[in-house]
Structures are given as C-alpha cells and as structure tokens.
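> Can you keep this structure in mind? I'll have questions shortly.
The values are calculated or read from the model by the stated rules, or taken from the named source; none is laboratory data. For clarity, every value in this text was computed on a predicted model and none was experimentally measured. Reconstructed Cβ throughout: ideal geometry from the backbone, glycine too, with neighbour counts over all protein chains shown.
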C-alpha cells in the first residue's frame with residue numbers, strides 16, 4: 001500500500017482541487033448581440049476551454065493519490081482521516097442524486113444502486129402492526145333515553 005497524505009489539511013486541499021477541476025474552465029468573449037443593428041452592441045459569451053465533467057469515485061481516488069477504488073474504500077474504513085474521505089464520497093453521491101431529476105437518469109440510478117441504494121421502501125414497521133384490531137365502545141355520561149317521558153328534571 002502506498003504512502004498516504006500526512007495531514008487533514010492536505011486531504012481537504014486535494015478534495016477541493018478535484019471538485020474545482022471538474023467544474024471546467026472557461027473565458028468570456030464579447031460577441032455581437034443577436035439581431036443587433038449597432039456594431040457596438042455586444043454581450044458576454046462563455047467559451048469553454050475545458051468542459052465540466054461529472055464527479056466520479058475513481059476520479060476522486062486518483063485526485064487523492066489512491067491507486068484503486070478498493071484502496072480508497074479501505075482507507076475510508078480504516079484510515080486516520082476516514083471522515084474526510086466519507087464526506088468527499090457523499091459529495092460525489094450527492095452529484096449523482098441531483099441527476100435523478102433529469103429526464104434520463106439511468107446512469108445515475110445505476111451508480112446509486114452500486115452504492116447500496118435500493119428501490120424498495122423500508123416497510124419493516126408494518127410487520128409490527130397487529131393484523132386485527134379490537135374496537136370496544138365505552139358508554140360515558142348519562143344513559144340515553146328512548147323518549148321525553150323518560151327524562152326527569154330536577
């Protein structure tokens with residue numbers, strides 16, 4: 001197993017650098033406004049120098065200096081700064097969870113299932129609910145009468 005980073009600050013810096021890197025890089029160019037008649041009417045246009053890319057566990061592992069997902073997972077389980085790795089993994093998971101709201105979420109569903117997500121709801125609490133319920137009517141207050149003749153006023 002290779003040598004790991006020595007400080008929590010080093011892990012945080014690498015994680016921040018990874019998530020910054022995947023945002024891509026762009027610059028702004030001035031372009032003529034659509035339908036502009038005046039040649040001085042320009043708008044800002046974003047031009048990508050490096051396209052954004054999705055967050056991945058393998059990308060995170062490489063950014064942190066691990067040589068495999070298995071090594072990342074071992075450190076996440078037993079490492080000195082495991083909580084930082086767990087938080088970074090959760091951030092990757094959150095990115096895929098956001099994709100569930102897209103029209104085509106098949107890839108995100110596949111990834112999340114591999115992380116242990118299931119489509120089943122947790123209905124184990126239903127097993128504790130009794131199958132039959134006994135209903136008992138308890139009379140309270142004055143006894144009901146069948147007619148006004150049975151009522152006496154004091």
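> Return the residues of segment 48-61 that are part of a strand (DSSP E or B) and closer than 30 Å to residue 110 by Cβ; say none if nothing qualifies.
48, 50
> If we keep just the residues of segment 19-38 that are assigned to a loop (DSSP other than H, G, I, E, B) and in contact with a strand residue (DSSP E or B) (Cβ under 7 Å, 6 or more places away or on another chain), which is modelled with the lowest pLDDT? Even if it seems obvious, please write down each step before you answer.
The initial filter retains those residues of segment 19-38 that are assigned to a loop (DSSP other than H, G, I, E, B), namely 22-24, 33-38.
Going one step further and asking which of them are in contact with a strand residue (DSSP E or B) (Cβ under 7 Å, 6 or more places away or on another chain), we end up with 24, 33.
Details: 24: 95, 33: 83.
Among those residues, the one meeting the criterion is 33.
> Could I ask something else about it? Restricting to segment 18-45, give me the number of residues that are loosely packed, with under 11 Cβ neighbours inside 10 Å and either in contact with a helix residue (DSSP H, G or I) (Cβ under 9 Å, 6 or more places away or on another chain) or more than 21 Å from residue 95 (Cβ to Cβ) (or both).
Of the residues in that region, 10 qualify.
> Taking the residues in segment 111-126 that are part of a helix (DSSP H, G or I) and surrounded by 11 or more Cβ atoms within 10 Å (Cβ to Cβ) as candidates, determine which candidate is modelled with the highest pLDDT.
113
> Cβ-Cβ below 8 Å, separation at least six or inter-chain, first residue in segment 52-69 and at positive phi and at pLDDT below 90, second loosely packed, with under 15 Cβ neighbours inside 10 Å and not in a loop (DSSP other than H, G, I, E, B): which pairs?
Filtered contacts from segment 52-69: no entries.
> Let me ask another. Which numbered condition in (1) more than 30 Å from residue 15 (Cβ to Cβ); (2) modelled with pLDDT of 80 or more; (3) surrounded by 10 or more Cβ atoms within 10 Å (Cβ to Cβ) is the only one that residue 73 fails?
Tallying (1) more than 30 Å from residue 15 (Cβ to Cβ); (2) modelled with pLDDT of 80 or more; (3) surrounded by 10 or more Cβ atoms within 10 Å (Cβ to Cβ), residue 73 fails exactly one: (1).
> For the structure I just gave you, tell me whether residue 107 is surrounded by fewer than 14 Cβ atoms within 10 Å (Cβ to Cβ) and in contact with a helix residue (DSSP H, G or I) (Cβ under 8 Å, 6 or more places away or on another chain). Break it down into steps so the answer makes sense when it comes.
Details: surrounded by fewer than 14 Cβ atoms within 10 Å (Cβ to Cβ): yes; in contact with a helix residue (DSSP H, G or I) (Cβ under 8 Å, 6 or more places away or on another chain): yes.
So residue 107 fits the description; yes.
> With respect to residue 45, determine if the residue is within 23 Å of residue 20 (Cα to Cα) and assigned to a strand (DSSP E or B).
It is true that residue 45 is within 23 Å of residue 20 (Cα to Cα) and assigned to a strand (DSSP E or B).
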